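Novice: Right, I'll just put the structure down here and ask away after.
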């Protein structure tokens, strides 16, 4: 943890719902988790983590800002809103609820509108749907090109040269060594062919990403849109609220 390989984000007793949880219960939930982390690891999270909530509220963003978070990562918003944000490069924004007490919270919306690996790049049999084709010497070039193409598409929806991708799914990393071996082969191959792909990949944390875009912002005028609204209701596909 001290060298930055592991970061605790969110840190509540659980990931509470945004829409129907009473504000006192949200506070108690976060208090319980943060007290445990402080007592056990002497750590207080500063980045929020709400990647599996069924929509998100400005009120919840306000509470996070008052708890000492300076940023949060989310997914699962209405599919029309998600598509619009991808086209307009507004998947990253500043949440500023219209309240008497000003608050600002940088928010990162996931490219895939979900928290899983890119389709085909989850390498844990029985835990991924579908399980990705394992990386071998015979297929590493083809698979690396597929991986790179995903990120080339992804970077079209964000405003910075750095992009951040979730790599996991429900109950994954129970065979973590095997999972990491496959990702390592991809990363090593892509990074060793930088002249061809013009892309460098690393294992990262939310704070690593935030530091990277902060460095980019020092060279340009801040361009994040302001969001005052709730991101509700949620629909994944038409007629599925």
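Novice: Mind listing just one residue for me: the one in the range 164-196 that is surrounded by fewer than 16 Cβ atoms within 10 Å (Cβ to Cβ) and touching a helix residue (DSSP H, G or I) at 6+ places or on another chain (Cβ under 8 Å) and, of those, nearest to residue 49 (Cα to Cα)?
Specialist: Of everything passing the filter in the range 164-196, 173 is nearest to residue 49 (Cα to Cα).
Novice: Return the residue satisfying two criteria in turn: it lies in the range 1-48 and is modelled with pLDDT of 95 or more and touching a strand residue (DSSP E or B) at 6+ places or on another chain (Cβ under 6 Å), and of such residues it is surrounded by the most Cβ atoms within 10 Å (Cβ to Cβ).
Specialist: 48
Novice: Using the structure shown, decide if residue 235 is closer than 24 Å to residue 49 by Cβ and either surrounded by fewer than 17 Cβ atoms within 10 Å (Cβ to Cβ) or at pLDDT below 90 (or both).
Specialist: Yes: the conditions hold for residue 235.
Novice: Those residues that are on the phi < 0 side of the Ramachandran plot, touching a helix residue (DSSP H, G or I) at 6+ places or on another chain (Cβ under 7 Å), assigned to a loop (DSSP other than H, G, I, E, B) and buried (at least 19 other Cβ atoms within 10 Å of the Cβ), I need them from the range 75-117; list them, please.
Specialist: 91, 97, 111
Novice: For the range 197-215, check the following and say yes or no: at least one residue is closer than 19 Å to residue 146 by Cβ, more than 19 Å from the chain's Cα centre (by Cα) and exposed (fewer than 14 other Cβ atoms within 10 Å of the Cβ).
Specialist: yes
Novice: Working carefully through the options 225, 206, find the one that is closer than 28 Å to residue 133 by Cα and in contact with a strand residue (DSSP E or B) (Cβ under 6 Å, 6 or more places away or on another chain).
Specialist: Of 225, 206, the one residue that is closer than 28 Å to residue 133 by Cα and in contact with a strand residue (DSSP E or B) (Cβ under 6 Å, 6 or more places away or on another chain) is 206.
The values are calculated or read from the model by the stated rules, or taken from the named source; none is laboratory data. Keep in mind that what you see is a predicted model, and the values were worked out from it rather than measured. In this analysis, Cβ positions are derived from the backbone assuming ideal geometry, glycine residues included, and neighbour counts consider all displayed protein chains.
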